[in-house]
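S.K.: Starting off with a structure, shown below.
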Amino acid sequence: FDEVTVEFSNAVTVVAESNSPVCAGDDIFLTSSISGATYLWTHPSNGFTSSLQNPVILNSTALSGGAYTVSVTNSPGGCPGTSNSTTVIINTTPITPPISSQNISGNTQDVCIGSQLPYAIEPATPGSEYNWNLSGGGFILFMATSDIININWTTPGTYSLSATETTSAGCSGIPVTLTINVNSVSTASVSISASSNPVCTGTPVTI
């Protein structure tokens with residue numbers, strides 16, 4: 001005779017997870033909790049399938065959102081097949097509105113040295129933060145993540161002012177840029193003279 005020991009365990013349930021929520025354009029990481037088995041990941045509407053235990057979806061779009069289901073078979077120990085789902089939320093990447101100020105033509109502005117001007121994002125999105133970046137010698141006043149700043153222009157030259165919107169969900173958009181030409185203030189030379197001087201009463205004079 002001989003003996004064999006048989007061990008029984010509870011049925012194994014796979015845990016499906018992801019790094020959701022993500023911003024549009026980010027990669028999606030799907031994970032399942034059982035190792036050494038056979039996997040089938042599916043999405044009901046975008047046609048995604050994968051036989052990897054932990055697949056990665058690159059450059060996500062709005063269509064990448066929704067429920068992903070993993071079916072696990074051939075688990076170690078011969079346990080019955082199991083399945084589970086995880087929902088992926090895709091947050092929209094914002095489009096930063098243009099920078100507004102005075103005397104802007106297209107994406108270019110001309111100002112005089114010594115000017116202190118306000119710059120704003122219009123319309124600003126409630127709940128979003130705006131990060132500003134200035135190349136050159138201008139001085140940003142009241143710098144923060146506000147949609148409105150002031151700049152004191154101290155040095156002539158050409159500068160680039162950019163702003164990037166970050167939503168309350170943590171998604172950042174593409175920066176908008178304004179090119180600013182800071183011009184020196186010229187000193188006028190004025191000479192005033194009369195065509196005749198002195199003149200008699202009633203005589204026309206050109207100034």
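The values are calculated or read from the model by the stated rules, or taken from the named source; none is laboratory data. Bear in mind the structure is a predicted one, so any value in this text is a computation, not a measurement. When we count neighbours, we look across all protein chains shown, and the Cβ atoms used for this are built from the backbone with ideal geometry, even at glycine. Just so you know, the surface numbers come from the protein's heavy atoms only, side chains and all, with ligands and any DNA or RNA stripped out. Shrake-Rupley method; radii C 1.70, N 1.55, O 1.52, S 1.80 Å.
S.K.: Taking only pairs six or more apart or across chains, which ones have beta-carbon atoms under 7 Å, a first residue in the stretch 100-116 that is at pLDDT below 95, and a second residue that is among the hydrophobic types (A, V, I, L, M, F, W, C) and open to solvent by 40 Å² or more (accessible area, probe 1.4 Å)?
M.R.: Within 7 Å, the pairs are 112/185; 113/185; 114/185.
S.K.: When you look at residue 168, is it assigned to a loop (DSSP other than H, G, I, E, B) and under 27 Å from residue 24 (Cβ atoms), yes or no?
M.R.: Yes.
S.K.: Looking at 168, 128, 172, 135, can you tell me which residue is touching a Ser or Thr at 6+ places or on another chain (Cβ under 8 Å), loosely packed, with under 15 Cβ neighbours inside 10 Å, small (Gly, Ala, Ser) and modelled with pLDDT of 90 or more? Walk me through it before giving the result.
M.R.: Details: 128 fails: loosely packed, with under 15 Cβ neighbours inside 10 Å; 172 fails: loosely packed, with under 15 Cβ neighbours inside 10 Å; 135 fails: modelled with pLDDT of 90 or more.
Every option except 168 fails the conditions.
S.K.: So, residue 202, is that one loosely packed, with under 12 Cβ neighbours inside 10 Å, at pLDDT 90 or above and closer than 16 Å to residue 96 by Cβ or not?
M.R.: no
S.K.: I'd like the residue in the stretch 32-52 that is within 30 Å of residue 174 (Cα to Cα) and in contact with a strand residue (DSSP E or B) (Cβ under 8 Å, 6 or more places away or on another chain) and, out of all such residues, is most open to solvent (accessible area, probe 1.4 Å).
M.R.: 45
S.K.: Something else now. Of the conditions (1) open to solvent by 80 Å² or more (accessible area, probe 1.4 Å); (2) under 14 Å from residue 81 (Cβ atoms), residue 2 fails just one. Which one is it?
M.R.: (2)
S.K.: Which members of the stretch 53-75 meet the condition of being under 18 Å from residue 27 (Cβ atoms) and open to solvent by less than 80 Å² (accessible area, probe 1.4 Å)? Don't jump to the end; show me each part of the working.
M.R.: Start the filter on the stretch 53-75 by keeping residues that are under 18 Å from residue 27 (Cβ atoms), which leaves 53-66, 68, 70.
Answer for the stretch 53-75, where residues must be under 18 Å from residue 27 (Cβ atoms) and open to solvent by less than 80 Å² (accessible area, probe 1.4 Å): 53, 54, 55, 56, 57, 60, 61, 64, 65, 66, 68, 70.
S.K.: Within the stretch 27-50, which residues are in a loop (DSSP other than H, G, I, E, B) and of a type in the set (Gly, Ala, Ser)?
M.R.: 33, 35, 36, 37, 45, 47, listed by residue number.
S.K.: Further question: With the requirement that a residue be under 10 Å from residue 178 (Cα atoms), β-branched (Val, Ile, Thr) and loosely packed, with under 15 Cβ neighbours inside 10 Å, what does the stretch 96-122 give you?
M.R.: Matches in the stretch 96-122: 108 only.
S.K.: Also, I was wondering about something else. Give the residues of the stretch 171-187 that are under 18 Å from residue 94 (Cα atoms) and part of a strand (DSSP E or B), sorted by residue number. Explain how you work it out, then say what you get.
M.R.: Restricting attention to the stretch 171-187, the residues satisfying the condition of being under 18 Å from residue 94 (Cα atoms) are 171-177.
Across the stretch 171-187, the qualifying residues are 172, 174, 176, 177.
S.K.: I've got another one for you. Please enumerate the residues belonging to the stretch 76-90 that are touching a strand residue (DSSP E or B) at 6+ places or on another chain (Cβ under 7 Å) and open to solvent by less than 40 Å² (accessible area, probe 1.4 Å). Please lay out each step first, then the result.
M.R.: Just the residues of the stretch 76-90 that are touching a strand residue (DSSP E or B) at 6+ places or on another chain (Cβ under 7 Å), to begin with: 81-88, 90.
The answer is 82, 86, 88, 90.
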